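Below is one structure, written out as structure tokens, with a few remarks after it.
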Amino acid sequence: MKTKKRAGTVVLSVCLIAVALIYVIPFLMMLLGSFKIQAEAARFDLALPTKWEFSNYAHVMESGKILRGYVNSVIITVPVTLISVLLGAVAGIVISRRNDRMTRGIYYYFIFGLTLTLQIASIFFLLKALNIYGTFFSVICIFISLRIPFTVMTFCSFVKGVPREIDEAAVIDGCNFWQMSVKVLLPILKPIMVTNIVITSIDVWNNFMIPLFYLSSAKKATVSMAIYSFFGRYNRDWQFVFAALMLAVLPMLILFVILQKHIIAGMTSGAVKG
Amino acid sequence: MKRKKKSIYPLYALIPALVIYTIFSVVPIAISLLLSFTDWNMNRLFTPVFTGLANYAELLQDPVFLRSIGNTFLFAFATTILKTGIGFILALALVKKVAARGILRTIYYAPCVISITVVGVLFKSILANRGLLNNVLSGIGLEGLTRDWLGSYGTAIGSVIFVEVWMWAGFNMFIFISGLQAISADYYESATLDGASAYDKFRHITLPLIVPSMTVVVTLSIAGGLKVFDIIYVITNGGPGFDTQVLATYTYQSFSLGFLGESTAGSVILAVIVVIISFAMNRYFTKREVEM
């Protein structure tokens, strides 16, 4: 019985490692390919480079606009994350605490947004009419509006679990709404804050559609767009493409490994509430 | 008494969120509903002409559009089934004490923090005619299986489905793992005392209690699948020909060609499909959830 069980675990482990290889091999090929010369990189195999071409990275840094992409992605991601989490938190507190007919209506109005699909042409028309097409500002506004339903929903359900007495005690001590929110509720809401910050920043950082549709100029390209257009220009020089991909992936993977616990807890608990 | 008191939670605090959300999410839907009934293009951006159902009629006669509806459904249902199934199996395996459990979980999860453009370009090099997959296949003596994966219909749509599943199965795995961990060990213990087999326990304890997680995973996956854009845009761009065109890429294509009316009508059709299917799915599963 016991040996049978052990044999089972071994078979299971082997299967799991085989599946893991499907995940690791593409990254391995990318890593090795980024150090190869053109002919070797184009062979798409897992052989070690005969000569390690570190200069591939220097070339990509110079011509790939990847750094510019980083700056642009930060310009978009940071304000979207801060503002959407802030607005979502405030709305979540007010809606779940008032819980009257009007705020319940507003809640469903926000939740309706979760099923909306992106209206490419209509948003284009709107941005043109408002005369903000092609600006970071417009893209930031679109992202915030897309994130708000989710942040409102998650904050609402979290605040419901926080006892009202805490608010009341703070009010008796002389706090107004804003003081109470910042001094008393903020520390309690930290877990759901982290969840929303993680989900929003990953979603916005990796998003390819919105910048593609509404940021026309190459100067404003985000990392995702920079990679895509780099691939378009260098699709015969796979060593450069791999190096560019590495530059795009590396910071995310390092952050992921460091913040793993928060990211996984954040992304899945957010999804479960969704 | 309490209701008379002025609430300390000010309604005006909702205004910023309401304004941004209304302008950039709700107003565009209204614009779409209105302008999808007009002859509207790039040259006459601000002067659309009412034409009734002409755009919808035109779309429904366009074989490419009909095909993209079919592809959208195929993609959404195939990826949902595979992402859910594989995620669930991985969760069942990794909720046990297996060697290197932590590392394996991390590896399976990693793709979903990476940009889709990176994944897409990477898989283009794997699935290309002389790419990694064909090299591996001929290396292990399966030359007969090598083909131009992105070059013909069946394998092109199959390839994008595979990449989508590759990216998101690990995410679903984590939702299932947290669902499985929430099931009390007492149920299993008392079932063991009653002499239940492993299959019985799985069928009568695990499955019914995992339905809430199933609801989340399926609803998210199906809505995501119906709205799919970037993975297809990056890997096949709707090709070869129009073989992997889906609704979102179709509407983008007609938008970039300047046919705003047709594009908008397509967006409206997609929006209606997403709303109907997500509500239907959610109801179906919510009915089956076990009260805990």
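Worth a mention:
- Answer from A:T103, A:T115 - the residue that is within 30 Å of B:E262 (Cα to Cα) and not aliphatic (A, V, I, L, M): A:T115
- Residue among B:V290, B:V274 that alone is at pLDDT below 90 and either in a helix (DSSP H, G or I) or on the phi < 0 side of the Ramachandran plot (or both): B:V290
- The set of residues from the stretch A:128-164 being under 20 Å from A:S73 (Cα atoms) and of a type in the set (A, V, I, L, M, F, W, C) comprises A:I132, A:F136, A:F137, A:V139, A:I140, A:C141, A:I142, A:F143, A:I144, A:L146, A:I148.
- In this structure, A:R147 does not qualify as over 25 Å from B:V274 (Cβ atoms) and touching a residue at least 24 places away in the same chain (Cβ under 8 Å).
- Pairs linking a residue in the stretch B:123-136 that is within 7 Å of another protein chain (Cβ to nearest Cβ) and under 13 Å from A:A41 (Cβ atoms) to a residue that is part of a helix (DSSP H, G or I) and not charged (D, E, K, R), with Cβ atoms under 6 Å and 6 or more positions apart or on different chains, are B:G131/B:S125; B:L132/A:M29; B:L132/B:I126.
- The stretch A:15-46: number of residues that are surrounded by fewer than 19 Cβ atoms within 10 Å (Cβ to Cβ), at the interface with chain B (Cβ under 10 Å from one of its Cβ atoms) and not in a helix (DSSP H, G or I): 4
- Search result, residues across the stretch A:25-79 that are among the hydrophobic types (A, V, I, L, M, F, W, C) and closer than 30 Å to A:I144 by Cβ: A:I66, A:L67, A:V71, A:V74, A:I75, A:I76, A:V78
- Here A:M225 clears all of (1) of a type in the set (A, V, I, L, M, F, W, C); (2) away from chain B (no Cβ under 13 Å); (3) in contact with a Leu (Cβ under 8 Å, 6 or more places away or on another chain) except the condition numbered (2).
- Candidate set from the stretch B:267-289 (those that are polar (S, T, N, Q) and within 8 Å of chain A (Cβ to nearest Cβ)); member that is surrounded by the fewest Cβ atoms within 10 Å (Cβ to Cβ): B:S278
- Here A:S229 fulfils each of the conditions (1) farther than 30 Å from A:M29 by Cα; (2) among the hydroxyl-bearing types (S, T, Y); (3) surrounded by fewer than 21 Cβ atoms within 10 Å (Cβ to Cβ) apart from (1).
- Qualifying helices (runs of 4 or more DSSP H) (wholly inside the stretch A:167-219; at least 2 residues being touching a strand residue (DSSP E or B) at 6+ places or on another chain (Cβ under 8 Å), exposed (fewer than 13 other Cβ atoms within 10 Å of the Cβ) and at the interface with chain B (Cβ under 9 Å from one of its Cβ atoms)): none
- The number of residues in the stretch B:78-122 that are more than 30 Å from A:F230 (Cα to Cα), of a type in the set (G, A, S) and in contact (Cβ under 8 Å) with a residue 12 or more places away in the chain comes to 3.
- Being of a type outside the set (V, I, T), facing another protein chain (nearest Cβ under 8 Å) and over 24 Å from A:W178 (Cβ atoms) is not true of A:L87.
- Within the stretch B:229-266, considering residues that are closer than 16 Å to A:T117 by Cβ and away from chain A (no Cβ under 11 Å), the one surrounded by the fewest Cβ atoms within 10 Å (Cβ to Cβ): B:I232
- Set A:L250, A:L245: member being modelled with pLDDT of 90 or more, over 30 Å from A:I93 (Cβ atoms) and within 22 Å of the chain's Cα centre (by Cα): A:L245
- Extreme residue, modelled with the lowest pLDDT, among residues of the stretch A:111-123 that are part of a helix (DSSP H, G or I) and within 7 Å of chain B (Cβ to nearest Cβ): A:T115
- The one condition from (1) assigned to a helix (DSSP H, G or I); (2) at pLDDT 90 or above; (3) away from chain B (no Cβ under 11 Å); (4) over 30 Å from B:A13 (Cβ atoms) that A:Y108 does not meet is (4).
- Taken over the stretch A:252-263, the criterion of being in contact (Cβ under 8 Å) with a residue 12 or more places away in the chain and more than 10 Å from chain B (Cβ to nearest Cβ) is satisfied by A:H262 alone.
- Which listed residue, of A:A18, A:A91, is assigned by TED's automatic domain parsing to the domain that holds A:T200 and either at pLDDT 85 or above or out of contact with any helix residue (DSSP H, G or I) (no Cβ under 9 Å at 6 or more places or on another chain) (or both): A:A91
- Residue within the stretch A:54-72 that is within 30 Å of B:I103 (Cα to Cα) and loosely packed, with under 12 Cβ neighbours inside 10 Å present: yes
- Residue in the stretch A:69-92 that is within 15 Å of A:A244 (Cα to Cα) and touching a residue at least 60 places away in the same chain (Cβ under 8 Å) present: yes
- Evaluation of B:D200 against (1) free of Cβ contacts under 8 Å to residues at least 60 places away in the same chain; (2) charged (D, E, K, R); (3) closer than 30 Å to B:F123 by Cα (one fails), failing number: (3)
- Every listed requirement among (1) under 26 Å from B:F123 (Cα atoms); (2) part of a loop (DSSP other than H, G, I, E, B) is met by A:Y228 save one, (2).
The values are calculated or read from the model by the stated rules, or taken from the named source; none is laboratory data. Just so it is clear, the structure is predicted and the values come from calculations on it, not from any experiment. Reconstructed Cβ throughout: ideal geometry from the backbone, glycine too, with neighbour counts over all protein chains shown.
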